[in-house]
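Step one of this worksheet: look at the structure below.
Each value in this text was obtained by applying a stated rule to the coordinates, not by laboratory testing. In this text the structure is predicted, and so the values were computed from the model without any measurement. Don't worry about glycine lacking a Cβ; one is built from the backbone with ideal geometry, like all the others, and counts go over all protein chains shown.
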């Protein structure tokens, strides 16, 4: 049995974003583990979760609402990436790789 969201390209990209963030935050210093990394991972996971939840058994209007939630979470992730870069805990290469998954 497959769910509607499993065929959505946007959901697949959001899973890649979540995996990339998960890999990235493992490199963060201990001082950021419960601050930036925790919030960043929750926001990244929330993108995929909202897409999946909104796509299943919802009206188009309801699905759009969940896509809006996913977009807001993605904006949070982008902000976290900039914060990490500014704090010198995310290098340019890792920043660029994660940003690839946030482009519409």
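Worth pointing out:
- Helix axis angle, 9-25 relative to the chain longest principal axis, alpha carbon, degrees: 20
- Förster radius 25 Å - calculated FRET efficiency between residue 82 and residue 34, Cβ distance, rounded to 0.05: 0.80
- Tilt relative to the chain, helix 60-86 - C-alpha long axis, 0 to 90 degrees, to 10: 10
- Label-to-label distance, residue 58 versus residue 96, with points set 7 angstrom from Cα along the beta-carbon direction: 3.5 nm.
- In the list (i) 17, 41, 28, 13, 1; (ii) 15, 47, 30, 8, 0; (iii) 16, 47, 26, 10, 1, the label attached to P(r) over Cα pairs in 10 Å bins from 0, in percent as derived from the coordinates here is (iii).
- Acute angle (nearest 10 degrees) that the helix 36-55 long axis makes with the longest principal axis of the chain, alpha-carbon atoms: 10
- Normalised contact order of region 4-100, rounded percent, pairs of Cα under 8 Å and 6 or more residues apart: 30
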